[in-house]
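Participant: Have a look at this one.
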Amino acid sequence: MIRNVAPRIEINLAKIAHNANILLNLYGSKGVGLTGVTKGVCGFPEIARVLVAQGIQILGDSKLKNLKKMRDANIVAEYVLLRSPALSEVESVVDYADISLNTELVIIKRLSDIAVNREKVHKIILMVEMGDLREGIMPEDLEPFIQKVLEFPGINLVGIGANYACFGGVKPDEDKMDKLSSLAVQIEQKFSLSLSFVSGGNSANHSWLMATESSGRINNLRLGEAILLGKETLCRKAITGLYTDAFTFVSEVIESKIKPSVPYGEIAQNVLGIFPQFEERGNIRRAIIGVGFQDVLISGLTPKLDLEILGSSSDHTVMDAKKVNLLVGDEVAFSVNYGALLSVMSSPNVFKKCIHTI
């Protein structure tokens, strides 16, 4: 009998396809298109292929190597770099991204130079600061900024966008979204432009879109977690009709013994440089799985059995097995949050297993 490889992340492509299809139709009914965000799965080609097969024609990622990976896999889509490029990478941006998000004139000028040299036209979306205080041009600076951008050859300004609930946790409420819509209208009128993209945010915008009577000029949202994990990202509530278990992390028990619940001896810093604290529970069954924080964001794992994660080092995670009689060689399954998903999909130590049926 051939055993499954562990640790592994089980990827249910059928459930991801279901989520993508539901959201594409739901948002489309409100006049909003989707950019499928692949950064949470490290540009995994099998997932990107599923998104495109469901009708998502635009894929976005924050890493150029992920865009290249998907292109090399012959996945036909329009590719967006979901952050402002670094000056050191603008040549690769023009090569691998059809569109990039931008906030700095010096970078756009360099993109212009490279695009002209490549005999290409590079599309850009200007990100506007709407309060979350991550990336963005201040609204009062937007018109003079655009005036300069329009002078650059090889650059096509195709939209504006905003980001919410990533750095500052700021909600995309009705007022914020109305202001972004108004900015788009003002820009189109002043510069005689027709913006193809007014990209209003991400999975945090789900509740706003479902409640609003009109999305205004917002015609695009960048969705990752909603598609992959079936949740909005303001409160991490499940979205009705979507699967929240398309990904399962699995690891193997390498030790299972009855031991004290509290370390004994003089306590100093642990591997993370902190002084750990433990609850006295008497003797417990301590089960160890052979992964640690170099493999997965441990705090983003939730055991599917009645187990409790007590802590981890770089390559061991210790659990209180409670009443579960875990034995060496047993596999333990976990649900993952977005941070844990990102870490396991980026880890070369975790095997990726695709499942094609629900």
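Participant: So for the stretch 138-159 (the condition being in contact with a strand residue (DSSP E or B) (Cβ under 8 Å, 6 or more places away or on another chain), closer than 30 Å to Asn21 by Cβ and not β-branched (Val, Ile, Thr)), does at least one residue qualify?
Facilitator: Scanning the stretch 138-159, I find at least one residue that is in contact with a strand residue (DSSP E or B) (Cβ under 8 Å, 6 or more places away or on another chain), closer than 30 Å to Asn21 by Cβ and not β-branched (Val, Ile, Thr), so the answer is yes.
Participant: List the residue pairs whose Cβ atoms are under 8 Å apart, where the first residue sits in the stretch 338-355 and is among the polar types (S, T, N, Q), the second is surrounded by fewer than 15 Cβ atoms within 10 Å (Cβ to Cβ), and the two are 6 or more positions apart or on different chains.
Facilitator: What qualifies is Ser347/Gln294; Asn349/Gln294.
Participant: Might you let me know whether the stretch 45-55 holds any residue that is within 30 Å of Thr317 (Cα to Cα), surrounded by 24 or more Cβ atoms within 10 Å (Cβ to Cβ) and outside the structural domain of Ala333 (by TED's automatic domain parsing)?
Facilitator: Looking through the stretch 45-55, at least one residue is within 30 Å of Thr317 (Cα to Cα), surrounded by 24 or more Cβ atoms within 10 Å (Cβ to Cβ) and outside the structural domain of Ala333 (by TED's automatic domain parsing).
Participant: While we're here: Could you tell me which residue of the stretch 249-295 is surrounded by the most Cβ atoms within 10 Å (Cβ to Cβ), considering only residues that are among the acidic types (Asp, Glu) and part of a loop (DSSP other than H, G, I, E, B)?
Facilitator: Top of the filtered list is Asp295.
Participant: In the same structural domain as Leu59 (by TED's automatic domain parsing), touching a helix residue (DSSP H, G or I) at 6+ places or on another chain (Cβ under 8 Å), surrounded by 19 or more Cβ atoms within 10 Å (Cβ to Cβ) and not in a helix (DSSP H, G or I) - does that describe any residue in the stretch 104-121?
Facilitator: Checked against the condition, which is being in the same structural domain as Leu59 (by TED's automatic domain parsing), touching a helix residue (DSSP H, G or I) at 6+ places or on another chain (Cβ under 8 Å), surrounded by 19 or more Cβ atoms within 10 Å (Cβ to Cβ) and not in a helix (DSSP H, G or I), the stretch 104-121 yields no hits at all.
Here is a yes/no grid of residues against (1) more than 30 Å from Asn19 (Cα to Cα); (2) aromatic (Phe, Trp, Tyr):
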site	(1), (2)
Arg236	no, no
Gln269	yes, no
Leu272	yes, no
Phe278	yes, yes
Met319	yes, no
Phe334	no, yes
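Participant: Check the stretch 3-19 and report whether any residue there is surrounded by 19 or more Cβ atoms within 10 Å (Cβ to Cβ), farther than 30 Å from Leu297 by Cα and either more than 17 Å from the chain's Cα centre (by Cα) or not assigned by TED's automatic domain parsing to the domain that holds Ser199 (or both).
Facilitator: no
Participant: Something else now. Go through Gly40, Gly60 for me and flag whichever is in the same structural domain as Val158 (by TED's automatic domain parsing) and in contact with a strand residue (DSSP E or B) (Cβ under 8 Å, 6 or more places away or on another chain). Walk me through it before giving the result.
Facilitator: On the way: Gly40 fails: in contact with a strand residue (DSSP E or B) (Cβ under 8 Å, 6 or more places away or on another chain).
It is Gly60.
Participant: Among the residues of the stretch 329-349, are any modelled with pLDDT under 95 and at negative phi? Walk me through how you get there before you give the answer.
Facilitator: Just the residues of the stretch 329-349 that are modelled with pLDDT under 95, to begin with: none.
Among the residues of the stretch 329-349, not one is modelled with pLDDT under 95 and at negative phi, which makes the answer no.
Participant: Another question about this same structure. Looking only at residues that are part of a strand (DSSP E or B), in contact with a helix residue (DSSP H, G or I) (Cβ under 7 Å, 6 or more places away or on another chain) and without any contact (Cβ under 8 Å) to a residue 60 or more places away in the chain in the stretch 296-337, which one is surrounded by the fewest Cβ atoms within 10 Å (Cβ to Cβ)? If you could, list the steps in order and put the result at the bottom.
Facilitator: Taking the stretch 296-337 first, the residues part of a strand (DSSP E or B) are 301-303, 308-312, 317-320, 331-336.
Going one step further and asking which of them are in contact with a helix residue (DSSP H, G or I) (Cβ under 7 Å, 6 or more places away or on another chain), we end up with 301, 309, 312, 317, 336.
Then drop every residue that is not without any contact (Cβ under 8 Å) to a residue 60 or more places away in the chain, which leaves 301, 309, 312.
Numbers: Leu301: 25, Ile309: 16, Ser312: 24.
So the residue we want is Ile309.
Participant: Here is a list: Thr240, Thr248, Thr302, Thr233. Which entry is modelled with pLDDT of 95 or more, under 18 Å from Gly201 (Cβ atoms), among the hydroxyl-bearing types (Ser, Thr, Tyr) and out of contact with any Lys or Arg (no Cβ under 6 Å at 6 or more places or on another chain)? Steps first, please.
Facilitator: Details: Thr240 fails: under 18 Å from Gly201 (Cβ atoms); Thr248 fails: under 18 Å from Gly201 (Cβ atoms); Thr302 fails: under 18 Å from Gly201 (Cβ atoms).
Going through Thr240, Thr248, Thr302, Thr233 in turn, the sole match is Thr233.
Participant: When the residues of the stretch 56-65 are narrowed to those that are under 22 Å from Gly161 (Cα atoms) and not small (Gly, Ala, Ser), which ends up surrounded by the most Cβ atoms within 10 Å (Cβ to Cβ)?
Facilitator: First, the residues of the stretch 56-65 that are under 22 Å from Gly161 (Cα atoms): 56-64.
Filter once more, keeping what is not small (Gly, Ala, Ser): 56-59, 61, 63-64.
Numbers: Ile56: 22, Gln57: 14, Ile58: 21, Leu59: 26, Asp61: 29, Lys63: 16, Leu64: 20.
Once the filter is applied, the top-ranked residue is Asp61.
Participant: Condition test on Ile107, is it under 30 Å from Leu13 (Cβ atoms) and modelled with pLDDT of 95 or more? First the steps, then the outcome.
Facilitator: Numbers: under 30 Å from Leu13 (Cβ atoms): no; modelled with pLDDT of 95 or more: yes.
Spelling it out, it is not the case that Ile107 is under 30 Å from Leu13 (Cβ atoms) and modelled with pLDDT of 95 or more.
Participant: If a residue has to be among the charged types (D, E, K, R) and within 15 Å of Leu341 (Cα to Cα) to count, how many in the stretch 227-243 make the cut? Can you show your working first?
Facilitator: Looking only at the stretch 227-243, we keep the residues that are among the charged types (D, E, K, R), and these are 231-232, 236-237.
Next, only the ones that are within 15 Å of Leu341 (Cα to Cα) stay: 231, 236.
Residues in the stretch 227-243 being among the charged types (D, E, K, R) and within 15 Å of Leu341 (Cα to Cα): 2 in total.
The values are calculated or read from the model by the stated rules, or taken from the named source; none is laboratory data. Treat the numbers as computed from the prediction; the structure is a model and nothing was measured. Cβ sites come from the backbone with ideal geometry, for glycine too, and all protein chains shown count toward neighbours.
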